[in-house]
1. Can you give the extra length, in nm with one decimal, that the chain gains between residue 81 and residue 67 once fully stretched, where that is 0.36 nm per residue apart less the Cα-Cα distance?
2. Just check the stretch 18-75 against the gyration tensor rule for me: Cα atoms, a ≥ b ≥ c as the square roots of the eigenvalues, rounded for a/c under 1.5, and otherwise prolate or oblate depending on whether a/b exceeds b/c.
3. Would you mind computing the Rg to Rh ratio of the chain from its alpha-carbon coordinates, Kirkwood style for Rh?
4. Which order do the peptides 96-108, 33-45 take when ranked by the mean count of other beta-carbon atoms within 10 Å per residue, highest first?
5. Under a GNM of the chain (C-alpha, springs under 10 Å), which listed residue has the highest mean-square fluctuation: 88, 32, 73?
6. Could you please rank 127, 71, 83, placing first whichever residue has the fewest other Cβ atoms within 10 Å of its Cβ?
7. Explain nothing, just the number: relative contact order of the chain, from Cα pairs under 8 Å at least 6 residues apart, as a whole percent.
8. So what is the 222 nm mean residue ellipticity for the chain from helices alone, if each DSSP H run of at least 4 adds -39500 (n - 2.57) and you divide by all residues, rounding to the nearest 500 deg cm²/dmol?
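No lab work stands behind these numbers, since they all come straight from the coordinates. The shown structure was predicted, so the numbers you read here are calculated from the model rather than taken from an experiment. Virtual Cβ from ideal backbone geometry, glycine too; neighbours counted across all protein chains shown.
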């Protein structure tokens, strides 16, 4: 539950961050890799604040235009959206998220439709694959 001074942030990425709940011991290595990317998201945010969320990341195929992500990632792409709640206004900013996520290692080759040059979250430049905003 969000409280009155909480903020809802939105993370959107071209990287598969599907929450599967799969653990290392599972035979489903693909689902485990998806979960590993989601856990990377939670841990990166968690370095600064405790977060809450009501829904797992959602995903859909969209047609991306220039200037959304990298211009090399235009056209039909899979996009994951994750809204999370921070209960203290000012505890986290968009600039902090942008700085914290840049160059964080990820697992690629899942259900994403982009192929980054390196297996990293990138918040700027020609391989930008993750963006942040304040959710309404």
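1. My answer for the length gained is 3.3 nm.
2. Numbers: a/c = 2.32, a/b = 1.45, b/c = 1.60.
Cα axes put the stretch 18-75 in the oblate bin.
3. 0.96
4. On the way: 96-108: 16.4, 33-45: 18.3.
Per-residue mean Cβ counts within 10 Å order the peptides as 33-45, 96-108.
5. For the chain, modelled as a Gaussian network with Cα springs under 10 Å, the answer is 88.
6. Listing 127, 71, 83 from fewest to most nearby Cβ atoms yields 71, 83, 127.
7. For the chain, the relative contact order is 35 percent.
8. -6000 deg cm²/dmol, from helical runs alone.
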